[in-house]
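Asks: Pasting in a structure now, in structure tokens, and then I'll have a few things to ask.
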Amino acid sequence: MTSTVPLIVRLLASSVSVANRAGKIIRDVMSKGELGIVEKGKDDLQTEADRSAQRCIIASLSAQFPKVNIIGEEDNPDTEDEIPSDWIVIDTDKDILNIGCPSNLQGVKEEDIVVWVDPLDGTSEYTQGALMLKRDPWERWKMYLTHPFISIKWYLSLLQSNYGFLEHVTVLIGIAVNEKPVAGVIHQPYYKTLIGGEKKIGRTIWGIQEVGVGGFTPAPPPDALVITTTRSHSNPMVEKALQVMNANQILRVGGAGYKVLQLLEGVASIYVFASGGCKKWDTCAPEAILSAAGGKLTDILGNYYKYGASESRPNKTGVLAAVNNDLHSYALNRIPEELKDTLSKK
Ligand SMILES: Nc1ncnc2c1ncn2[C@@H]1O[C@H](COP(=O)(O)O)[C@@H](O)[C@H]1OP(=O)(O)O
Ligand SMILES: [Mg+2]
Ligand SMILES: [Mg+2]
Ligand SMILES: [Mg+2]
């Protein structure tokens, strides 16, 4: 059966299973409590969960799809140690294997595909979530003092957040063909639901061009203009772009994956981030899923990013995403030309 299913559908089905496994690794690292934080740069952290989840995803997908070009965020996950055998996922999601494949993707070969992997999107929120899991206030305070770059303002907002920032964490697997994101997976390892009275943790949303979105039911946008944006990487340009939107409400949350989930769930209508900082692995899966649901993700100038393997990693000209074309045009028209110029010269 599997061999008759088009490659792109098999890759998506495997990516869903692999993302679930990566989510479990992320939760396990948190439960053990040894995050192994490394500072890669300014406002840029990596943890054991980022490293391990990436090793799981890349090892699993490259074992099944050896000629696909897979690009992950983390440079040097410790490759000396052998990968635990239970990190190599060979399962594939059976429901996805049964979906129809868009005609233009039926003949796609492994060599035509680039997969962009963000093993853990929202690392900042993940490390702050760890802080809040310390029940003892003294232990929490000690951890705060040794945590890189958390201001006292953030610490106070964390105390008020009811431990909620872990929901912002996602695993992103984006599939691009001819430089365009055509399918993707967003897995949310800390999403909690009650199904038939039983607690379930984690959910996985997927999308593929022309077929649509699975794993949950998208909701219409809110009546009011609700904008979602960064909570951990703001700067004056980001704030300027928010001011001109005339929004009823601004939500400041972590991760590109989580913000696009908010668009799909009807929590927000537009995602605005007028700054560099995001990279191709942050936007590939979210763009694929959002466009499969009728939305649009571009840079702040209204141009699509390209996802070929040789493209530069940074999304220098920011992110502008909306649930439909009208809201995207609304936001695009409000961004001052001067801000567009400044960003494109960076
Ligand atoms: N200045 C930055 N440095 C490093 N990563 C960034 C930066 N800005 C954004 N990102 C990445 O883009 C995601 C979305 O940004 P934000 O949460 O600020 O809206 C972040 O979770 C982070 O991904 P990651 O957590 O995978 O490193
Ligand atoms: Mg990172
Ligand atoms: Mg990211
Ligand atoms: Mg990441």
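The values are calculated or read from the model by the stated rules, or taken from the named source; none is laboratory data. These numbers come from a predicted model, not from an experiment. No Cβ is skipped: glycine too gets one built from the backbone with ideal geometry, and neighbour counts run over all protein chains shown.
Asks: Name the pairs: first residue in the stretch 166-179 and not assigned by TED's automatic domain parsing to the domain that holds Tyr258, second residue more than 16 Å from ligand 2 (Cβ to nearest atom) and of a type in the set (Asp, Glu), Cβ to Cβ under 6 Å, at least 6 apart or on different chains?
Replies: Correct list of pairs: Val177/Asp112.
So that you can scan it fast, the table gives a plain yes or no per residue for (1) touching a strand residue (DSSP E or B) at 6+ places or on another chain (Cβ under 7 Å); (2) away from ligand 1 (no atom under 16 Å from the Cβ); (3) on the phi > 0 side of the Ramachandran plot; (4) not assigned by TED's automatic domain parsing to the domain that holds Glu179:
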{"site": "Leu12", "(1), (2), (3), (4)": "yes, yes, no, no"}
{"site": "Arg21", "(1), (2), (3), (4)": "no, yes, no, no"}
{"site": "Lys40", "(1), (2), (3), (4)": "yes, no, no, no"}
{"site": "Gln46", "(1), (2), (3), (4)": "yes, no, no, no"}
{"site": "Arg51", "(1), (2), (3), (4)": "no, no, no, no"}
{"site": "Gln64", "(1), (2), (3), (4)": "no, yes, no, no"}
{"site": "Asp81", "(1), (2), (3), (4)": "no, yes, no, no"}
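Asks: Of everything in the stretch 37-78, what is among the charged types (D, E, K, R) and in a loop (DSSP other than H, G, I, E, B)? Give them in sequence order.
Replies: Within the stretch 37-78, Lys42, Asp43, Lys67, Glu73, Glu74, Asp75, Asp78 qualify.
Okay, residues lined up against (1) modelled with pLDDT under 95; (2) more than 21 Å from Ser232 (Cβ to Cβ); (3) within 24 Å of the chain's Cα centre (by Cα):
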residue: Asn76; (1), (2), (3): yes, yes, yes
residue: Glu82; (1), (2), (3): yes, yes, no
residue: Asp91; (1), (2), (3): yes, yes, yes
residue: Asp112; (1), (2), (3): no, yes, yes
residue: Pro119; (1), (2), (3): no, no, yes
residue: Glu125; (1), (2), (3): yes, no, yes
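Asks: Of the conditions (1) closer than 27 Å to Gly41 by Cβ; (2) within 19 Å of the chain's Cα centre (by Cα); (3) crowded, with 24+ Cβ neighbours inside 10 Å, Ile205 fails just one. Which one is it?
Replies: (1)
Asks: Return the residue satisfying two criteria in turn: it lies in the stretch 237-275 and is part of a strand (DSSP E or B) and surrounded by fewer than 21 Cβ atoms within 10 Å (Cβ to Cβ), and of such residues it is farthest from ligand 1 (Cβ to nearest atom).
Replies: Gln249
Asks: Taking the stretch 45-74 as the region of interest, how many residues are of a type in the set (Asp, Glu) and touching a residue at least 60 places away in the same chain (Cβ under 8 Å)?
Replies: Number of matching residues: 2.
Asks: Against the conditions (1) surrounded by fewer than 21 Cβ atoms within 10 Å (Cβ to Cβ); (2) over 24 Å from Arg313 (Cα atoms); (3) not small (Gly, Ala, Ser), where does Lys42 fall short? Just the number, please.
Replies: (2)
Asks: Whether any residue in the stretch 276-286 is within 16 Å of ligand 4 (Cβ to nearest atom), assigned to a helix (DSSP H, G or I), touching a Lys or Arg at 6+ places or on another chain (Cβ under 9 Å) and closer than 23 Å to Leu339 by Cα is what I want to check.
Replies: So far as the stretch 276-286 goes, yes, one or more of its residues are within 16 Å of ligand 4 (Cβ to nearest atom), assigned to a helix (DSSP H, G or I), touching a Lys or Arg at 6+ places or on another chain (Cβ under 9 Å) and closer than 23 Å to Leu339 by Cα.
Asks: Looking for whichever is touching a Pro at 6+ places or on another chain (Cβ under 7 Å) and under 18 Å from Ala130 (Cβ atoms) here; the options are Asp28, Asp50, Asp44. Which one fits?
Replies: Only one candidate passes the filter, namely Asp50.
Asks: Mind telling me which of the residues Ile173, Ile227, Ile289, Ile208 ends up being of a type in the set (A, V, I, L, M) and within 16 Å of ligand 2 (Cβ to nearest atom)?
Replies: Ile173
Asks: Could I ask something else about it? Filter the stretch 87-112 for residues that are touching a residue at least 60 places away in the same chain (Cβ under 8 Å) and within 26 Å of Ala49 (Cβ to Cβ); which is surrounded by the fewest Cβ atoms within 10 Å (Cβ to Cβ)?
Replies: Asp91
Asks: Got a sec? Which of Lys32, Lys67 is farther than 26 Å from Arg231 by Cα, modelled with pLDDT under 95, away from ligand 4 (no atom under 15 Å from the Cβ) and basic (Lys, Arg)?
Replies: None of the others qualify; the one that does is Lys32.
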